[in-house]
Amino acid sequence: MKILFIEAAKQYLLGLPSGFEKNDCKVKVLTDIQEEELVKVLKEFKPNLVVTAGWTKIHTSTKLQLLRRLLKKYCVKHAYWATEDPRWREKWSTYYVETTKPDYIFTIDRASIPYYQKLGFSAHHLTWACNPDFHKPSEQRKSLTCDIAVVATAGVTWNSYRKNSVQILLKPLIQKGYDVSIWGGRWDQVDPKIIGFDVPSKLLRQKLSYTETNDVYSSAKIVLGFQNTFTELNSRTFEVLAARGLLLAPRTPAIEEMFKPGKHLVCSSSPEETLKLVEYYLKNEDERKKIAKAGQQEVYSNHTYKHRAKEILKVVGKSS
């Protein structure tokens with residue numbers, strides 16, 4: 001099968017395209033939606049399926065309308081991966097699918113499937129994953145070495161479970177005086193009245209490019225993994241484990257469904273438990289490495305983009 005993947009963000013470019021290639025598909029990538037270039041590829045490459053994802057800078061109203069018009073003209077099927085669900089489903093995903101009318105919607109949020117089905121779309125569940133060619137251990141960088149790391153963008157309204165995550169994982173460590181290194185945007189704008197604690201400026205590091213995140217996961221002793229919902233896992237869950245980092249995450253049904261706490265990663269249900277776990281694992285390097293290695297083996301065995309691409313191809317193949 002010939003796949004045309006259209007996206008600009010590294011997180012996506014380093015994901016599904018390689019997964020499709022490992023499923024013996026021919027893959028062409030475009031990093032923008034420009035009429036002349038897209039028409040040329042549709043005519044010459046003749047893709048069987050166009051795959052798009054997320055909510056990024058190339059998704060302007062004009063470009064989405066253009067995408068819809070050209071795919072309809074050249075009779076090419078379209079699969080959209082809705083990675084902003086459920087938080088931005090109404091604000092973004094709904095607009096995207098209503099504008100482009102994809103033949104298939106894959107969402108990271110199972111609870112959103114009935115929502116899309118009511119709108120008349122073919123909707124399916126597809127979680128994040130890792131790419132072993134990129135998401136892998138790297139050499140420790142002295143400038144990134146730390147006991148505890150956070151790689152995340154701070155919330156704006158903090159209306160999701162993300163707020164609970166930071167209160168369970170980050171709040172007790174900061175209040176206890178741990179030297180937590182925080183990489184990501186907006187942390188200097190966080191309102192302590194909303195999240196319930198202050199984030200000292202001395203803990204803030206520079207914003208990282210996506211391609212540098214692996215180095216943090218490989219250089220930190222423990223990586224905090226906030227979650228946005230109880231029921232689904234975010235991308236960094238898989239990426240930290242793939243880089244053989246020791247992930248400390250909040251205990252949620254989604255975590256326990258996909259992984260075994262204490263074997264693949266470490267989970268906390270309360271601020272008190274977070275402090276006990278951090279104290280223990282900072283002192284026990286062998287245990288850290290054992291769990292981190294098992295976590296990497298688990299995602300490499302069951303949660304790569306080769307697996308996710310295969311899921312997409314199975315759905316598309318059944319309806320062809």
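The values are calculated or read from the model by the stated rules, or taken from the named source; none is laboratory data. Here the structure is a predicted model, which means the values were calculated and not measured. Note: ideal-geometry Cβ built from the backbone for every residue, glycine included; neighbour counts use all protein chains shown.
Listed values, structure above:
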{"read-out": "Any hit, the stretch 259-282, residues being under 17 Å from the mean Cα position of the chain (by Cα) and assigned to a helix (DSSP H, G or I)", "value": "no"}
{"read-out": "Evaluation of VAL199 against (1) free of Cβ contacts under 8 Å to residues at least 12 places away in the same chain; (2) farther than 23 Å from PRO132 by Cβ (one fails), failing number", "value": "(1)"}
{"read-out": "Which listed residue, of GLU21, GLU7, is surrounded by 19 or more Cβ atoms within 10 Å (Cβ to Cβ), among the charged types (D, E, K, R) and either under 20 Å from ASN131 (Cβ atoms) or not assigned by TED's automatic domain parsing to the domain that holds SER112 (or both)", "value": "GLU7"}
{"read-out": "Filtered residue count, the stretch 178-198, keeping only those that are farther than 21 Å from LEU247 by Cα, buried (at least 17 other Cβ atoms within 10 Å of the Cβ) and in contact with a helix residue (DSSP H, G or I) (Cβ under 7 Å, 6 or more places away or on another chain)", "value": "1"}
{"read-out": "First in the stretch 228-239 and under 14 Å from SER112 (Cβ atoms), second anywhere and buried (at least 19 other Cβ atoms within 10 Å of the Cβ) and among the charged types (D, E, K, R), Cβ under 9 Å, 6 or more apart", "value": "ASN228/ARG162; THR229/ASP109; THR229/ARG162; THR231/ASP109; GLU232/ASP85; GLU232/ASP109"}
{"read-out": "Options TYR96, TYR80: the member that is over 23 Å from THR237 (Cβ atoms) and either surrounded by fewer than 20 Cβ atoms within 10 Å (Cβ to Cβ) or not assigned by TED's automatic domain parsing to the domain that holds ASN228 (or both)", "value": "TYR96"}
{"read-out": "Residue in the stretch 258-278 that is surrounded by the most Cβ atoms within 10 Å (Cβ to Cβ), counting only those that are under 21 Å from ILE108 (Cβ atoms) and aliphatic (A, V, I, L, M)", "value": "LEU265"}
{"read-out": "Count of the stretch 2-14 residues which are part of a loop (DSSP other than H, G, I, E, B) and touching a strand residue (DSSP E or B) at 6+ places or on another chain (Cβ under 8 Å)", "value": "1"}
{"read-out": "Residue in the stretch 226-239 that is of a type in the set (S, T, N, Q) and assigned to a helix (DSSP H, G or I) present", "value": "yes"}
{"read-out": "Scan of the stretch 147-177 for residues that are more than 18 Å from ASP85 (Cβ to Cβ) and either under 16 Å from the mean Cα position of the chain (by Cα) or surrounded by 21 or more Cβ atoms within 10 Å (Cβ to Cβ) (or both), ordered by number", "value": "ILE148, ALA149, VAL150, VAL151, ALA152, ALA154, VAL166, ILE168, LEU169, LEU170, LEU173"}
{"read-out": "The stretch 213-225, residues that are under 18 Å from GLY185 (Cα atoms) and either assigned to a strand (DSSP E or B) or out of contact with any Lys or Arg (no Cβ under 9 Å at 6 or more places or on another chain) (or both)", "value": "VAL223, LEU224"}
